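Peer 1: What follows is a structure written as structure tokens; I'll ask about it next.
The values are calculated or read from the model by the stated rules, or taken from the named source; none is laboratory data. Model, not experiment: these values are computed from the prediction. A quick note on method: Cβ atoms are made from the backbone with ideal geometry, for glycine too, and the neighbour counts reach across all protein chains shown. What goes into the accessible areas is simple: the full protein's heavy atoms, side chains included, and nothing from ligands, DNA or RNA. Shrake-Rupley method; radii C 1.70, N 1.55, O 1.52, S 1.80 Å.
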Amino acid sequence: MAIKGRAYDPETDLPHLLALTQFSSQLTPEATYLHMGDILWRFFQSSLFDPLKYVRLWEESDGDVVAFAWLEAPDGVVWCVHPQYRGQGMLEEAIVAWAADLVEPEVPTAEVRLWTTACATDAATLQVLPGLGFLSDQRLARKMEFSLLHALADPPQPAGITLRAVESSVEWAQRVDLHRRVWHPSRVTLAAYKRLRAAPGYRPDLDLVAVTSEGEFAAYCLCWLDPVTHVGLFEPVGTHPAYRRQGVGTAVVREGLRRLQALGATTAWVTAVESNLAARKLYERVGFKTITYEYLYK
């Protein structure tokens with residue numbers, strides 16, 4: 001069946017991207033590292049990300065989407081290929097060619113060098129990367145998992161801390177300010193956060209904060225629940241610098257796990273960047289286990 005690439009249509013295509021990710025997660029879970037929450041967070045976290053420009057789909061003649069990719073400006077590319085085609089090289093080659101053409105104007109240098117990522121458990125993608133000119137550079141992150149098939153412990157909460165969802169719109173600027181303090185410099189703005197809250201798949205009851213007795217936001221986590229795979233995702237998570245090493249980050253993640261389990265999730269995922277030892281230790285304290293490693297390829 002003929003396959004062709006086309007531009008992303010913001011009116012109709014988001015469900016196609018989510019469906020391909022969900023299908024891949026069910027069929028080849030050991031080789032899947034994109035969750036629907038990864039897509040939604042990437043598309044809606046920043047007003048600067050333009051999917052019309054930075055996203056492309058590949059579909060069969062009957063309209064079934066078999067691959068998609070987006071550019072991580074200025075010179076990275078992230079993709080998802082249907083397990084039936086993954087590793088054959090045809091779609092991966094088309095994706096890399098599209099990204100390279102797009103990167104040229106973004107990186108005004110004599111030599112453009114794309115980067116991408118792949119997990120150690122994704123054998124099909126790993127075998128095709130050298131032929132596309134990619135070489136393993138370094139271990140980038142840990143993919144971690146928490147089983148929600150058992151009863152969760154109810155540990156003591158930090159004194160003076162309330163765990164709850166972000167409430168009325170008067171708190172939205174405070175929520176954005178916390179994110180920007182944690183991830184400085186950050187492209188998240190109040191306008192982008194408002195747009196995120198209206199995105200399909202966003203649940204306000206899973207946008208959680210740890211609040212001090214003075215009303216300050218000390219930590220937060222945004223959870224995403226895939227209703228098809230029953231897998232939850234934490235993206236992003238952060239603690240205000242003034243409240244680190246006080247247990248508030250651990251507490252808000254545990255609250256996220258409790259809420260995900262109550263909503264029917266059987267598993268939770270989180271990504272810990274290898275260089276962020278504090279984050280990794282937090283997730284390990286909670287009970288997350290490393291299931292695979294994500295590597296950077298250039």
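Peer 1: Restricting to the range 1-13, name every residue that is assigned to a loop (DSSP other than H, G, I, E, B) and open to solvent by 40 Å² or more (accessible area, probe 1.4 Å).
Peer 2: Selection gives Met1, Ala2, Asp9, Pro10, Glu11, Thr12.
Peer 1: For the range 216-233, enumerate the residues that are open to solvent by less than 30 Å² (accessible area, probe 1.4 Å), outside any strand (DSSP E or B) and among the β-branched types (Val, Ile, Thr).
Peer 2: Thr229
Peer 1: Just to verify a result, which residue in the range 251-262, among those that are in contact with a Leu (Cβ under 7 Å, 6 or more places away or on another chain) and in contact (Cβ under 8 Å) with a residue 60 or more places away in the chain, is surrounded by the most Cβ atoms within 10 Å (Cβ to Cβ)?
Peer 2: Val252
Peer 1: Checking Ala110 against (1) modelled with pLDDT under 95; (2) under 23 Å from Asp9 (Cα atoms), which test does it fail?
Peer 2: Ala110 satisfies every listed condition except (2).
Peer 1: Also, quick follow-up: Would you check which residues across the range 170-194 are modelled with pLDDT under 95, in contact with a helix residue (DSSP H, G or I) (Cβ under 8 Å, 6 or more places away or on another chain) and open to solvent by 70 Å² or more (accessible area, probe 1.4 Å) and list them?
Peer 2: Within the range 170-194, none qualify.
Peer 1: While we're here: Are there strands (runs of 3 or more DSSP E) fully within the range 124-215 with at least 3 residues that are aliphatic (A, V, I, L, M), touching a strand residue (DSSP E or B) at 6+ places or on another chain (Cβ under 7 Å) and more than 30 Å from Pro29 (Cβ to Cβ)? List them.
Peer 2: Passing ranges, in order: 207-211.
Peer 1: Looking at the range 159-193 only, could you name the residues that are over 15 Å from Val248 (Cβ atoms), β-branched (Val, Ile, Thr) and more than 20 Å from the chain's Cα centre (by Cα)?
Peer 2: Within the range 159-193, Val166, Val170 qualify.
Peer 1: Quick check on the range 142-168: of everything there that is modelled with pLDDT of 95 or more and among the polar types (S, T, N, Q), which residue is farthest from Ala218 (Cα to Cα)?
Peer 2: Ser147
Peer 1: Among the residues of the range 80-102, write down those that are in contact (Cβ under 8 Å) with a residue 12 or more places away in the chain and either more than 13 Å from Val128 (Cα to Cα) or touching a His at 6+ places or on another chain (Cβ under 9 Å) (or both).
Peer 2: Cys80, His82, Pro83, Gln84, Leu91, Trp98, Ala99, Ala100, Leu102
Peer 1: Next question. Of the conditions (1) assigned to a loop (DSSP other than H, G, I, E, B); (2) under 21 Å from Ile291 (Cβ atoms); (3) open to solvent by less than 50 Å² (accessible area, probe 1.4 Å), Thr121 satisfies every one except a single condition; which number is it?
Peer 2: The single condition Thr121 does not satisfy is (3).
Peer 1: Can you tell me which residues in the range 234-250 are within 19 Å of the chain's Cα centre (by Cα) and either open to solvent by 50 Å² or more (accessible area, probe 1.4 Å) or not polar (S, T, N, Q) (or both)?
Peer 2: Phe234, Glu235, Pro236, Val237, Gly238, Gly249
Peer 1: Still on this structure, I have one more. What single numbered condition from (1) open to solvent by less than 40 Å² (accessible area, probe 1.4 Å); (2) of a type in the set (D, E, K, R); (3) in a helix (DSSP H, G or I) fails to hold for Glu294?
Peer 2: Going through the list (1) open to solvent by less than 40 Å² (accessible area, probe 1.4 Å); (2) of a type in the set (D, E, K, R); (3) in a helix (DSSP H, G or I), Glu294 breaks only (3).
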